[in-house]
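Nothing in this text is a laboratory measurement; each read-out follows from the coordinates by a stated rule. Everything quoted here is computed from the prediction, not taken from an experiment. Cβ atoms come from the backbone with ideal geometry, glycine included; neighbour counts cover every protein chain shown.
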Amino acid sequence: MPGGEPRCFPSTGSAVLLLLKNLQAPSVEAEVLVCCGAPKGSAAKADNKKNHTFVRALDTCGRIKITDPNPQWVMKTMPHARIMGDIDVEQVTESFTALMDRRKFSLVVNLTLTFFFFFFLNPTRMTSQISIIYFLLFQLIIIVSHPCHRFLTHAAGGRWQFLQRSIGISAMHMQLLNNDRVIMFDRTDFGKSNISLPDGKCRKDSTGNKVDCTAHSIEYDVLSNTFRPLMVQSNVWCSSGAVMPDGSLIQTGGFKEGDRRIRIFKSCSDCDWVEVEKGLAVTRWYATNHILPKGGQIVIGGTMQFNYEFIPKNGAPNLFSLPFLAQTSDRGVENNLYPFVFLIGDGNLFIFANNRAILFDYLNNKVVKKYPTMPGGDPRCYPSTGSAVLLPLKNLQASSVEAEVLVCGGAPKGSVAQAKKGKFVNALDTCGRIKITDPNPQWVMETMPQARVMGDMVLLPNGNVMIINGGAAGVAGWELGRNPVLNPVLYRPNDKLGSRFELQNPTTIPRMYHSTALLLRDGRVLVGGSNPHNYYNFTGVLYPTELSLEAFSPAYLNPENSSLRPKIVLPASHANLKYNQNLEVRFTVARTVALDKFSVTMVAPSFTTHSFSMNHRLLVLGSEKVIGIGNNTYAVQVTTPGSVNLAPLGYYLLFLVHQDIPSEGIWVNLQ
């Protein structure tokens, strides 16, 4: 086998005889897959009593057609290195599994094939090649006859790029602004960060006793891959926010002295945070913000807050009861914090908390519709943290625009209590999808390739969804998560049910509690954060505080796709657009284009924290036929959204997508 590394005990890999087909043929093709194992010398190093050294396992599989006249190994790379793995072969043959259960099959095959090999296929009567093939078949069928675990063989894709070893803070909260800079912050009572405030600035910590001269917020410049420290005056831990139509970030709530603050950040070269004390009607910790059609914000819930309010205030009473939040609060756990909120085309809000949802008329404080409980009844909101997205909105000129929500991951009932006792229950591996505008909406359940809690869901420019970060066991909270999930998963909402997920290439950095991800203008996904500790903690723990930044590039950014990637030449970036406007988008493509495989999308950038991308939405603009205008330049006419309910006022990223490959986005301002 290429590489010559051992694959059997104690350098334990695993193997399977792949599905046998065409059983009536005179010669039945046989193919073997061998995966996992350990490099040469690993056993000796691991067994060295003076200096145990554990060598990284193999991450390759070899596949060979053993019945070919000239068999050759074909090597593939797995998403994870693995030793002592099992391979599931529920359908090894079409006949054996129908005849007997596996435990009986194991004994029968052992005896029968041993007899058959040594008495009928005696190597002295056969060529050495044929005898070896039969003996290998004998060994493999014995191996695969035992019950074992599922082995994923989905194709992997995408590339990881390491951006910064340390930005000085852990990126617990993120927001992309229209100058291609990302505002990030963690909390002010973590202790001193690894980046100093400029010009000798200092502030007292939350206790009012200790002086802290370090920053707990930064501005990251995507284009130059640099950052500068920012100064927050109060504790922003577990807060929320949204970008206003003028491009300024409004951020609300937090912990202790910060729980009623409103903070404003305007995008300029030397801007910093401005804070408004008691800007909120009540304390907000673990609340959700959503931009409203004409540019205000609604702030919903938070710890022990079963209500909502609006910002900016207009002098009228500004606190409204929302009993649904009390109804979905599990005693002692809550499981309804950071509710998933989406504005839909009729102007109402879809609000999901715990394991169920309502359609809510926030102007009249009225529940319009109650949705069925998600099958299984397991919680999906913090601290049993799943994630959710509003799937792409299409046919925007229709009288009623269909809206569909996808909720993925989370933790089974009781997981929080178990985790606090040191028992980390496996996370949920299911997603629920529901057409919330249907007269009789029902959840359709799907199974992810991996269980996941604390994952982030990011809408990509082509309408697919990236599921990234998180763990496979436990819940959100201090030291309560386990088993990092290093592989992102791509979800294609337009594919057939059962074939929508594709495992992507893994990172090497665990991103557990307090990790974040968001879409950048160039189509990459920015990833940061992870701090499951009450303070910054870099040594002696399972998952050290992570100050690094990296980016995941989906397969559409692979070099081989560059000649198919469009480049927008018109309109210019930061163009002002009107509602229901006819807009010509001009672009170039280096290679011959598929004129029927273009779309134009608009993406609202998200405020991301605690596995939820607030205000994140993608709209597919109605378009006419693409026409060529010479020199590899093309034009397409599109119509902008006709309603502020579909696309609230403000800044969006506009992309042109060709054969699922998006251009670099341009900023547009919908006015």
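First measure r as the distance between the Cβ atoms of Q24 and K369, then evaluate 1/(1 + (r/R0)^6) with R0 = 41 Å and state the FRET efficiency to the nearest 0.05. Working from the Cβ atoms, E equals 0.15. Projecting the Cα atoms of P439, A171, L497 onto the charge dipole of the chain, computed from C-beta unit charges around the Cα centre, puts A171 farthest toward the positive end. Using 0.36 nm per residue and subtracting the Cα-Cα separation, the extra length available between T77 and K421 on full extension is 120.1 nm.
Based on the alpha-carbon gyration tensor of segment 517-671 and its eigenvalue square roots a ≥ b ≥ c, which shape applies: rounded if a/c is under 1.5, prolate if not and a/b is larger than b/c, or oblate?
Oblate shape, in that a/c is at least 1.5 and b/c is the bigger or equal ratio.
Taking the inverse of the mean 1/r over every pair of distinct Cα atoms in segment 182-337 gives a Kirkwood hydrodynamic radius of 16.5 Å. Give the shape of segment 313-431 as rounded, prolate or oblate, defined through the alpha-carbon gyration tensor: a ≥ b ≥ c are the square roots of its eigenvalues, a/c under 1.5 means rounded, and otherwise the shape is prolate if a/b is larger than b/c and oblate if not. Oblate.
In this simple spin-label approximation, K210 and N631 carry label points 7 Å from Cα along the Cα→Cβ vector, and these lie 6.2 nm apart. Model label sites at R591 and Q327, defined 7 Å from Cα along the beta-carbon direction, differ in position by 5.4 nm.
When N is the residue count of the chain, what does its C-alpha Rg come to as a fraction of 2.2 N^0.38 Å?
Values: Rg = 27.7 Å, N = 671, 2.2 N^0.38 = 26.1 Å.
Expressed relative to 2.2 N^0.38 Å, the Cα Rg reads 1.06.
Using θ = phi - 60° in the Karplus curve 6.51 cos²θ - 1.76 cosθ + 1.60, the 3J(HN,Hα) couplings for segment 329-345 round to 8, 7, 4, x, 10, 6, 6, 9, 7, 6, x, 7, 10, 9, 7, 10, x Hz; x is entered for Gly and Pro. If you take the alpha carbon atoms of segment 159-557 and fit the smallest convex hull around them, that volume is 143 Å³ per residue. What you get for the chain, charging only the Cβ of Lys and Arg (+1) and of Asp and Glu (-1), is a dipole of about 840 debye around the Cα centre.
For segment 607-647, the residues whose backbone nitrogen is under 15 Å from a point 7 Å from the Cα of K567, taken along Cα to Cβ, are 631-634. Footprinting exposure proxy ranking of F227, F306, F538, fewest other C-beta atoms within 10 angstrom first, gives F538, F306, F227.
Neighbour counts of other Cβ atoms within 10 Å put I468, I250, I264, I629 in the fewest-to-most order I629, I264, I250, I468.
Over 24 Å between Cα atoms, which of K192/K421; K435/K597; K201/K256; K369/K435; K370/K413 qualify?
Working: K192/K421 30 Å; K435/K597 26 Å; K201/K256 22 Å; K369/K435 13 Å; K370/K413 22 Å.
Among K192/K421; K435/K597; K201/K256; K369/K435; K370/K413, the Cα-Cα distance tops 24 Å for K192/K421; K435/K597.
Taking Cα atoms only, the orientation of helix 102-119 departs from the longest principal axis of the chain by about 30 degrees. The order of the peptides 415-425, 61-71, 527-537 by mean Cβ neighbours within 10 Å, most packed first, is 527-537, 415-425, 61-71. Note: relative contact order over the chain, using C-alpha pairs below 8 Å and six or more positions apart, is 11 percent. Here the extension length gained between I264 and A44 equals 73.3 nm, from 0.36 nm per residue of separation less the Cα-Cα distance.
Just want the ordering: T226, T437, from fewest to most Cβ atoms lying within 10 Å of their own Cβ.
In order of increasing Cβ crowding within 10 Å: T226, T437.
Extending 7 Å from Cα along the Cβ direction at T226 and again at R165 yields two label points whose distance is 1.9 nm.
Report the full-extension gain for the segment M84 to S400: residue separation times 0.36 nm, less the Cα-Cα distance, to one decimal in nm. Walk me through the numbers on the way to the answer.
Values: separation 316, 0.36 × 316 = 113.76 nm, distance 5.38 nm.
So the extension gain works out to 108.4 nm.
What does the charge add up to near A517, with Lys and Arg as +1, Asp and Glu as -1, over the other residues with Cβ less than 12 Å from its Cβ? So the surrounding residues net to 0. Please identify which residues in segment 599-617 have an amide N closer than 15 Å to a label point set 7 Å out from the Cα of D246, following the Cα→Cβ vector. The answer is none, because no backbone nitrogen lies closer than 15 Å to the label point.
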